[in-house]
Amino acid sequence: GNLKNPPKTLPRAIFMAIGLVLALYLILSYVVLSNVPATSLESHTETAVAQAAYPVLGMWGFMAVSVAALIATASAINATMFSMLDISRALARNGQLGAIFKQPFWGHGTEGFFYLLLGILVMTNAFNLVAIANLAGFLISYLAVFVAHWRLRKETQGNALLIILGFLLMLFILGAFFYQMFFSQPYLIPLIVLFVAACFILEFLIRRKIAKNVPGVS
């Protein structure tokens with residue numbers, strides 16, 4: 001709504017942003033792999049960039065990259081929380097989520113959002129959810145985006161070949177993810193299946209309730 005010419009400027013901005021980030025990641029990967037031995041990367045997977053900065057910039061470089069990473073993580077969490085709050089409140093107003101997600105609780109938050117965050121904190125501290133977060137938050141969501149785009153391709157004038165190609169590539173990544181997990185953390189596979197199944201069951205129950213309350217909705 002704030003763009004003067006969205007059909008032209010929005011796709012250009014998206015592709016420029018993706019291209020810039022892709023180039024930066026490739027450069028960063030080269031720098032990390034050139035300065036940090038494979039054994040060190042394996043033992044410091046979460047701080048690989050900071051480890052790469054240490055031989056070049058010393059302890060101050062290590063600290064600077066570490067602080068920047070913490071700020072970036074906090075920013076990402078903050079943005080995710082605000083978007084989740086807005087989306088859940090909008091879905092509740094449309095009847096696609098329970099009324100608890102539009103009941104004021106504290107500040108601009110809602111009661112449902114508070115319980116959601118509480119559940120996330122409990123699950124994060126009780127289980128190793130790194131794999132589940134990566135899978136459920138990215139891979140399956142991206143597959144769903146391709147499916148949704150396929151169903152709306154006439155309205156969006158999307159390229160059917162690119163949609164199918166993207167879906168197949170994402171499916172290949174998902175398969176590779178499960179293959180790697182089978183040998184490294186096999187106990188997480190049933191947890192992921194249960195997690196995804198619970199999401200589908202919850203969505204089915206919500207839609208069933210909406211269909212009962214709103215005539216003509218199926």
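List of remarks:
- Segment 158-176 residues that are within 10 Å of PHE146 (Cα to Cα), paired with ones that are of a type in the set (A, V, I, L, M) (beta carbon under 8 Å, 6 or more apart): PHE167/LEU143; PHE167/VAL147; MET170/LEU139; MET170/LEU143
- The number of residues in segment 96-116 that are outside any helix (DSSP H, G or I) and either hydrophobic (A, V, I, L, M, F, W, C) or over 17 Å from ILE206 (Cβ atoms) (or both) comes to 7.
- Counting residues in segment 142-161 that are modelled with pLDDT under 80, over 22 Å from PRO7 (Cβ atoms), of a type outside the set (Phe, Trp, Tyr) and within 19 Å of the chain's Cα centre (by Cα) gives zero.
The values are calculated or read from the model by the stated rules, or taken from the named source; none is laboratory data. Nothing here was measured: the structure is a model prediction, and the numbers come from that model. Note that we place each Cβ from the backbone using ideal geometry, even for glycine, and neighbour counts take in every protein chain shown.
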